[in-house]
Amino acid sequence: MHLEFIYSGWRPCCACSISLSVSPSMPALFYRWVFVWEKGYQETDSVVSSVTTKAKGVAVTNTSKLGYRIWDVADYVIPAQEENSIFIMTNMIVTLNQTQSTCPEIPDKTTICHSDSNCSANSADTHSNGVKTGKCVPFNETVKTCEVAAWCPVENDAVVPKPAFLKAAENFTLLVKNNIWYPKFNFSKRNILPNITTTYLKSCIYDARMDPFCPIFRLGKIVENAGHSFQDMAIEGGIMGIQVNWDCNLDRAASLCLPRYSFRRLDTRDLDHNVSPGYNFRFAKYFRDHTGNEQRTLIKAYGIRFDIIVFGKAGKFDIIPTMINIGSGLALLGVATVLCDVIVLYCMKKRYYYREKKYKYVEDYEQGLAGEMDQ
């Protein structure tokens with residue numbers, strides 16, 4: 001009878017075979033990465049943020065429809081305030097002096113007619129500008145369309161102006177004021193840093209290399225940093241994201257907790273499938289003429305909406321996650337040793353050789369003693 005026992009003076013290593021990729025050092029490296037690089041000794045918290053914006057810039061236009069005109073912030077920022085966003089109008093289709101009356105509809109395959117029988121009275125579809133009166137009237141010298149009761153004359157938005165009406169918006173600037181708070185650590189800060197003065201704020205423009213902490217951005221540069229052309233985007237509009245990243249290690253000085261800015265176009269722009277591109281909406285300005293009749297100016301506004309997206313996390317040393325990660329690491333290292341033994345002794349081609357080295361066979365003590373007594 002033989003007794004098999006483990007000889008603790010030698011233990012096989014997974015690195016003994018080139019064909020095996022797992023090594024006992026790998027869990028240790030992984031543990032170091034989690035604990036040191038990923039700061040497993042810290043408690044973390046997510047950011048709470050508020051954002052306000054302010055645009056500045058003046059543009060001049062001179063057209064046959066509107067004449068010579070100056071455009072300032074009150075004209076092209078619509079609406080005046082939004083939550084974490086700002087819309088800058090860059091292009092427009094204007095329909096002047098509309099009144100409540102009847103007029104011919106814009107020609108298309110559903111509105112072109114030859115007689116009154118082609119126009120159903122009191123009907124309207126989703127895309128019509130008004131309610132049909134049942135009459136077929138001349139739109140111009142060659143085309144007739146169904147008459148509608150609507151704000152007349154109706155808007156014709158078939159052709160978008162090119163280049164953009166307010167192409168000078170490329171040089172407008174946007175001030176982003178961002179306050180952040182980490183409630184778990186009662187830590188707050190804002191992106192207008194303590195060393196920034198009023199004089200500096202009036203002259204600085206954000207530049208990733210030269211001035212990365214200036215909170216004032218040139219609109220053309222924002223779009224350019226996202227890899228797009230401002231003048232192309234200004235024609236039909238779009239959506240830009242200004243990302244503010246606050247990743248802070250609060251074990252270090254508070255002055256080292258700084259914002260990082262990046263830019264990305266958020267609306268899809270597929271040149272092969274360019275259906276309903278850009279960003280636009282309509283609004284109207286109402287007034288009364290000298291006779292007291294109500295009129296309005298209808299504006300279809302194209303422009304760029306800038307969304308300010310704030311994200312980040314903060315970490316600070318805490319004994320509880322430190323102890324949890326130390327315990328988890330020690331357990332991981334113990335499991336690694338057992339796993340290596342299983343692989344070496346039962347899965348590898350040379351398992352019998354390793355088993356001979358790991359185990360030592362000795363003669364049973366009682367059987368050996370009985371043999372000596374027989375002699």
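Quick note: the coordinates plus some simple rules give every number you see, no bench work behind them. Bear in mind that the values here come from a model prediction, so they are computed numbers and not experimental data. Positions of Cβ are generated from backbone atoms using ideal geometry, with glycine treated the same way; all protein chains shown enter the neighbour counts.
Structural remarks
- Peptide ranges 94-103, 213-222 listed from the most packed, as the mean C-beta count within 10 angstrom indicates: 213-222, 94-103
- Peptides 197-205, 344-352 ranked from most to least packed by the mean count of surrounding Cβ atoms within 10 Å: 344-352, 197-205.
- Cα gyration tensor shape of region 34-136, rounded if a/c is under 1.5, else prolate or oblate by comparing a/b with b/c: oblate
- Inter-site label distance for Asn171 and Lys313 at 7 Å from Cα along Cβ, in nm: 4.5
- DSSP beta bridges in region 213-322 [antiparallel fraction, %, rounded to 5]: 60
- Relative intensity, log₁₀ I(q)/I(0), of region 100-142 from a Debye sum that treats every alpha carbon as a point, q = 0.31 Å⁻¹: -1.45
- Loop GluC sites (Glu not before Pro), region 123-231, which have at most 15 other Cβ atoms in a 10 Å radius of their Cβ (DSSP): Glu141
- Multiplying the residue separation of Ile112 and Thr52 by 0.36 nm and removing their Cα-Cα distance gives an extension gain of 16.7 nm.
- Anchor Lys144: lysines whose Cα lies under 18 Å away (excluding residues fewer than 8 positions away in-chain): Lys109, Lys132, Lys135
- Percent RCO, i.e. relative contact order, over region 221-292, from Cα pairs under 8 Å lying at least 6 residues apart: 34
- Partners for Lys167 among lysines (Cα-Cα distance below 18 Å; same-chain residues under 8 apart left out): Lys56, Lys65, Lys221, Lys300
- A protection proxy built from the mean count of other Cβ atoms within 10 Å ranks the segments 292-302, 171-181, most packed first, as 171-181, 292-302.
- Stretchable slack from Phe185 to Lys65, in nm (0.36 nm times residue separation minus alpha-carbon distance): 37.4 nm
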